[in-house]
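Data block below; observations after.
The values are calculated or read from the model by the stated rules, or taken from the named source; none is laboratory data. Just so you know, these numbers come straight off a predicted model, no measurement behind them. Here the Cβ is made from the backbone with ideal geometry for all residues, glycine too, and neighbour counts use every protein chain on show.
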Amino acid sequence: MALARATEVAAVLAIRNHAEAVRVACANARAGLVQQNQAAEIRLRAERKAGQLLNEEKRPVKRQADDHENSSHDGTSFHT
């Protein structure tokens, strides 16, 4: 399945959008609930995967130790 192989959020969201379009098309065509539910399930799985990928991308940003803790942004120093 393409969703299982997807490693980028954009690809997962494209699958999600496609699944939702299929679900709406099935509803408009008065297709059975089975087809609509299958498309909805794929959409939900894609949303979960997108959340997981976004969660993995979040990493705490390490602040670099500033050699000049008492300096302003323009490079001038001040004493506390």
Among the residues of the stretch 1-33, write down those that are over 14 Å from Glu47 (Cβ atoms), in a helix (DSSP H, G or I) and basic (Lys, Arg). Arg5
Within the stretch 5-41, the residues that are charged (D, E, K, R) and surrounded by fewer than 16 Cβ atoms within 10 Å (Cβ to Cβ) are Arg5, Glu8, Arg30, Glu41
Residue within the stretch 45-64 that is surrounded by 12 or more Cβ atoms within 10 Å (Cβ to Cβ) and at pLDDT below 90 present: no
